[in-house]
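Beneath this line is the structure, given in structure tokens, with notes to follow.
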């Protein structure tokens, strides 16, 4: 972030874009999502199925699936649509997705493994998005050292997201995908794989797949049996760390660190929403709530950062209402992809599943290195 950008942050009172924009899309979006999730449970949107193109859906699930997939594909407007970013990592943006698609297509084990990794990477990635927004607010408050408090914030956000899942009501829904490894075992048995006559490579690959798959199939069982131990562990780690986190920032403030009220609001609201939603899931809308505000924040971040490059992509930069036209097209393209994949996944065609997972993994991975206050990419 340049000196001019830091001065702009100060002139806005520590906000990134504006008080209204930040409050609506960044700071209070977790609490707004929580309220929306609660209200939806009182309507037919979450309780009565509707038929869309011949397939029955709960409207809230169809919308959320579309919204999630739309925000996942939106990353490409920065990674591939912004030439400054694209030229820094051309191999990662071209060759890697193709290789991953091929590996998932030809190997069931890779396909299921990437799916399981995606579930947990999504949790980590969500925490890192909140972490990143907090670091931007730190700079807007006038803190010039990007490493000051960085590790504290990083681990604090990991704990805010993963802790309530491990210790709460939504744990089993996060480990349920491990049962998909049983499909690998069943497929190998059904194929009559002859380990004695197979090549050395095939024999060891299949032995590896079967052994590891058998282990992973037991994960949901152990998670259910030892959930109480996970709660004790999370509370035992989380409580002392929270005390240490607050104490450390108190010490930093005495040394000149400027506390960002925006970061405090963001982290406090997200923490409350995560603990209440993942931990208790009282209204059965945990995935809707947590993914809604995450996707909303991401769209707001992409539009703020990539408005100019999106206008260029749609040849609208010199038009009278170029920004409005580009925004409508940006939303239309991402939501069209989101609806298409969500609708198609109902019939589970492999090609669509693989494509959706590649987009998801690339989103999680790309976001780890194309947004960085520390590396001055924002």
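List of remarks:
- Residue that is nearest to residue 274 (Cα to Cα), among those in segment 145-159 that are touching a residue at least 12 places away in the same chain (Cβ under 8 Å) and part of a loop (DSSP other than H, G, I, E, B): 149
- Residue match in segment 107-122 (condition: within 27 Å of residue 27 (Cβ to Cβ) and crowded, with 20+ Cβ neighbours inside 10 Å): yes
- When residue 20 is tested against (1) at pLDDT 95 or above; (2) surrounded by 15 or more Cβ atoms within 10 Å (Cβ to Cβ), just one condition goes unmet, and that condition is (2).
- Consider segment 169-196 and keep the residues that are outside any loop (DSSP other than H, G, I, E, B) and over 30 Å from residue 281 (Cα atoms). The one that is modelled with the highest pLDDT is 186.
- Any chance residue 281 is surrounded by 14 or more Cβ atoms within 10 Å (Cβ to Cβ) and out of contact with any strand residue (DSSP E or B) (no Cβ under 8 Å at 6 or more places or on another chain): yes
- Boolean, residue 252 is out of contact with any helix residue (DSSP H, G or I) (no Cβ under 7 Å at 6 or more places or on another chain) and surrounded by 15 or more Cβ atoms within 10 Å (Cβ to Cβ): yes
- Scanning segment 23-43 for residues that are at pLDDT below 95, surrounded by fewer than 20 Cβ atoms within 10 Å (Cβ to Cβ) and in contact with a helix residue (DSSP H, G or I) (Cβ under 8 Å, 6 or more places away or on another chain) yields a single hit, 36.
- Matching residues in segment 87-110 - criterion: being touching a helix residue (DSSP H, G or I) at 6+ places or on another chain (Cβ under 6 Å) and under 23 Å from residue 330 (Cα atoms): 93, 97
- Check on residue 257, at pLDDT 90 or above, assigned to a helix (DSSP H, G or I) and farther than 25 Å from residue 121 by Cα: no
Here is a yes/no grid of residues against (1) surrounded by fewer than 15 Cβ atoms within 10 Å (Cβ to Cβ); (2) outside any helix (DSSP H, G or I); (3) without any contact (Cβ under 8 Å) to a residue 24 or more places away in the chain:
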| site | (1), (2), (3) |
| --- | --- |
| 299 | no, no, no |
| 305 | no, no, no |
| 309 | no, no, no |
| 316 | no, yes, yes |
| 325 | no, no, yes |
| 328 | yes, no, yes |
| 342 | no, no, no |
| 356 | no, no, no |
| 360 | no, no, no |
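- Residue that is at pLDDT below 95, on the phi < 0 side of the Ramachandran plot and not in a helix (DSSP H, G or I), where the choices are 274, 282: 282
- Members of segment 243-276 found to be touching a residue at least 12 places away in the same chain (Cβ under 8 Å) and more than 23 Å from residue 294 (Cα to Cα), listed by number: 245, 248, 249, 252, 257, 258, 259
- Residue match in segment 56-77 (condition: touching a helix residue (DSSP H, G or I) at 6+ places or on another chain (Cβ under 8 Å), modelled with pLDDT under 90, assigned to a strand (DSSP E or B) and over 28 Å from residue 313 (Cβ atoms)): yes
- Unique match (being assigned to a helix (DSSP H, G or I) and more than 30 Å from residue 223 (Cβ to Cβ)) among 142, 132, 102: 102
The values are calculated or read from the model by the stated rules, or taken from the named source; none is laboratory data. Just so it is clear, the model here is predicted, and its values are computed rather than measured. All Cβ positions, even for glycine, are placed from backbone atoms using ideal geometry, and neighbour counts span all protein chains on display.
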